[in-house]
């Protein structure tokens, strides 16, 4: 397919002890590494918020995601840092993303609250993107939102 990055979710918390679930995730990802290397693919794990959109989901902390990536120890397993989800869960978007940029292979963005245009809500996206750009990040940022404005108006407001 020519796709070099695949997005994966972890799944819901099973109710087993958290450290046991975490180790199962790490073991499963380590087993995938040879296949990812052979295919030249990076698998990105996506932490999601459990307060608004994904109650019961296991991976909601960017730091736990970074710890899992570190434990797997492969350049083929990284994090998808979803700015919308992490604003809800943690805030500190600039510090949390730029301080771990080597473990991030993809970003998602949406306005919060409401998951609408980036120009709507509490996140100062121009500053967030400026900080990410200053790290030398060369990957993609996917806009994943539900539009409420006419496209030209939403873009003009953001720029």
| Is at least one residue of the range 104-117 buried (at least 17 other Cβ atoms within 10 Å of the Cβ), touching a helix residue (DSSP H, G or I) at 6+ places or on another chain (Cβ under 8 Å) and part of a helix (DSSP H, G or I)? | no
| task | List every residue pair whose Cβ atoms sit under 8 Å apart, with the two residues 6 or more apart in sequence or on different chains, where the first one lies in the range 6-25 and is touching a residue at least 40 places away in the same chain (Cβ under 8 Å) and on the phi < 0 side of the Ramachandran plot and the second, anywhere, is part of a loop (DSSP other than H, G, I, E, B) and exposed (fewer than 13 other Cβ atoms within 10 Å of the Cβ). | result | 12/56; 13/56
| field | Residue within the range 136-152 that is farther than 18 Å from residue 77 by Cα, modelled with pLDDT of 95 or more, more than 17 Å from the chain's Cα centre (by Cα) and surrounded by fewer than 19 Cβ atoms within 10 Å (Cβ to Cβ) present | value | yes
| said: Is it the case, given these coordinates, that residue 81 is more than 17 Å from residue 142 (Cβ to Cβ), at pLDDT 95 or above and buried (at least 21 other Cβ atoms within 10 Å of the Cβ)? | reply: no
| note | Counting only residues that are touching a strand residue (DSSP E or B) at 6+ places or on another chain (Cβ under 6 Å) and either modelled with pLDDT under 95 or part of a helix (DSSP H, G or I) (or both), the range 21-42 contains a total of 2
| task | Look at residue 81 and say whether it is part of a strand (DSSP E or B), closer than 25 Å to residue 127 by Cα and within 16 Å of the chain's Cα centre (by Cα). | result | yes
| Subset of the range 43-58 that is in a strand (DSSP E or B) and touching a helix residue (DSSP H, G or I) at 6+ places or on another chain (Cβ under 7 Å) - its residue that is surrounded by the fewest Cβ atoms within 10 Å (Cβ to Cβ) | 43
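The values are calculated or read from the model by the stated rules, or taken from the named source; none is laboratory data. Small disclaimer: the values here were computed from a predicted structure and weren't measured. Positions of Cβ are generated from backbone atoms using ideal geometry, with glycine treated the same way; all protein chains shown enter the neighbour counts.
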